[in-house]
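Engineer: There's a structure below that I have some questions on.
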Amino acid sequence: MSPELNALLTSWDWRPEIIITLAIFGTLYTMGWVRLRRRSGRNKLANGWRLFAYWLAMLAIVLALLSPIDVLSGLLFYMHMIQHLLLTMIAAPLIMLANPMPFILWGLPTRPRQQVGRALTYALHRESRFRTGLRRATTPGICLTLMFVTLWVWHDPNLYNLALRSAVVHDLEHYTFFFTALLYWWHATGAAPRIHPLMSRPKRIGYMFVAIPSTFFLGVGIAFSQTILYTYYETVPRVPAPVGLTL
């Protein structure tokens, strides 16, 4: 292995804001899971696979944003796509499957938990205007559309190149991908808060299949483009192939 490739593969970007955020939410979720487990035993809510799913999602975020994948995403197109898939198709659905809202709430100290609980009860009451507005703004169709639009907009060549040249824009890209994916998977998994009617299993399966054509046609358009769409990659060094893999 060349020294350059070895340096890339051992490059970890220990960004404190990401590490601190993951540590806080990971601790709150785990503490809440333990408390609910003690209170209710091995019920359907506080079971082991939810905790495993949540921490697997945390690992996916670490790999996407802190590992050499992040460094290589600025040099290789396919690594950038892997980074996005880790955030939207692994981390986001695993977080929603873990149903984080009740566990993070129970992970808070008693007084803050009571205060946040009262605020949520007021905001999400069936007659509240906030709940009504939130429900109208986050229907399954709107969340699906937001994810589609975000995906296509960020793959516009000008925005894509800008994201790779600017760390701030690149972070914004990741945030929008991740949070629109969370909204999409919120409906697909039925996670809390349940302010929308829970879709039946066949409808949820159909909801996930509807997302396939958009990503498929985007991928086909990129793969069969007759011109170089993302000219940024013309300006970066080539990553040397590992010894034995050179064609």
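The values are calculated or read from the model by the stated rules, or taken from the named source; none is laboratory data. The model shown is predicted, which means the values in this text are computed figures rather than measured ones. Backbone-built Cβ (ideal geometry, glycine too); neighbour counts: all protein chains shown. Please note that ligands, DNA and RNA were not included when accessible areas were found on the heavy atoms of the full protein model with its side chains. Shrake-Rupley method; radii C 1.70, N 1.55, O 1.52, S 1.80 Å.
Engineer: Within segment 101-121, identify whether any single residue is touching a helix residue (DSSP H, G or I) at 6+ places or on another chain (Cβ under 7 Å), touching a residue at least 40 places away in the same chain (Cβ under 8 Å), closer than 27 Å to Arg35 by Cβ and of a type in the set (Gly, Ala, Ser), and answer yes or no.
Structural biologist: Yes, segment 101-121 has at least one match.
Engineer: Would you mind stating whether Arg194 is of a type outside the set (Asp, Glu), at pLDDT 95 or above and over 14 Å from the mean Cα position of the chain (by Cα)? Working first, answer last.
Structural biologist: On the way: of a type outside the set (Asp, Glu): yes; at pLDDT 95 or above: no; over 14 Å from the mean Cα position of the chain (by Cα): yes.
Against the criterion (of a type outside the set (Asp, Glu), at pLDDT 95 or above and over 14 Å from the mean Cα position of the chain (by Cα)), Arg194 does not qualify.
Engineer: Pull up segment 231-247, narrow it to residues that are open to solvent by 70 Å² or more (accessible area, probe 1.4 Å) and either β-branched (Val, Ile, Thr) or not in a loop (DSSP other than H, G, I, E, B) (or both), then point me to the one that is modelled with the lowest pLDDT. Even if it seems obvious, please write down each step before you answer.
Structural biologist: Taking segment 231-247 and keeping what is open to solvent by 70 Å² or more (accessible area, probe 1.4 Å), we get 234-235, 237-238, 243-247.
Then drop every residue that is not either β-branched (Val, Ile, Thr) or not in a loop (DSSP other than H, G, I, E, B) (or both), which leaves 234-235, 243, 246.
Details: Glu234: 91, Thr235: 90, Val243: 48, Thr246: 45.
By that ranking, first place goes to Thr246.
Engineer: Scan segment 219-233 and tell me whether some residue there is under 22 Å from the mean Cα position of the chain (by Cα) and not aliphatic (A, V, I, L, M). Show your work before the answer.
Structural biologist: Initial filter on segment 219-233 (under 22 Å from the mean Cα position of the chain (by Cα)): 219.
Filter again for not aliphatic (A, V, I, L, M), leaving 219.
Looking for residues that are under 22 Å from the mean Cα position of the chain (by Cα) and not aliphatic (A, V, I, L, M), one finds at least one in segment 219-233, hence yes.
Engineer: Sticking with this structure for a sec: Pairs under 7 Å by beta carbon, first residue more than 28 Å from His80 (Cα to Cα) in segment 43-64, partner among the small types (Gly, Ala, Ser) and open to solvent by 10 Å² or more (accessible area, probe 1.4 Å), six or more apart or different chains?
Structural biologist: Ala46/Ser40
Engineer: May I pose another question? Can you tell me which residue within segment 32-55, out of those that are within 12 Å of Pro100 (Cα to Cα) and open to solvent by less than 80 Å² (accessible area, probe 1.4 Å), is modelled with the lowest pLDDT?
Structural biologist: My answer is Leu45.
Engineer: Something else: Counting only residues that are within 30 Å of Leu76 (Cβ to Cβ) and not in a helix (DSSP H, G or I), which one in segment 177-230 is most open to solvent (accessible area, probe 1.4 Å)?
Structural biologist: The extreme case among them is Gln226.
Engineer: Does Thr145 fit the bill of being more than 19 Å from Trp33 (Cα to Cα) and either under 18 Å from the mean Cα position of the chain (by Cα) or open to solvent by 50 Å² or more (accessible area, probe 1.4 Å) (or both)? First the steps, then the outcome.
Structural biologist: On the way: more than 19 Å from Trp33 (Cα to Cα): yes; either under 18 Å from the mean Cα position of the chain (by Cα) or open to solvent by 50 Å² or more (accessible area, probe 1.4 Å) (or both): yes.
Here the answer is yes, as Thr145 does meet what is asked.
Engineer: Of everything in segment 65-106, what is in a helix (DSSP H, G or I), open to solvent by less than 10 Å² (accessible area, probe 1.4 Å) and in contact with a Phe, Trp or Tyr (Cβ under 9 Å, 6 or more places away or on another chain)? Give them in sequence order. Walk me through it before giving the result.
Structural biologist: First, pick out the residues of segment 65-106 that are in a helix (DSSP H, G or I): 65, 68-73, 77-97, 100-106.
Within this subset, residues satisfying the condition of being open to solvent by less than 10 Å² (accessible area, probe 1.4 Å) are 73, 80, 83, 87, 91-92, 103.
Once the filter is applied, which keeps residues that are in a helix (DSSP H, G or I), open to solvent by less than 10 Å² (accessible area, probe 1.4 Å) and in contact with a Phe, Trp or Tyr (Cβ under 9 Å, 6 or more places away or on another chain), segment 65-106 yields His80, Leu87, Ala91, Ala92, Phe103.
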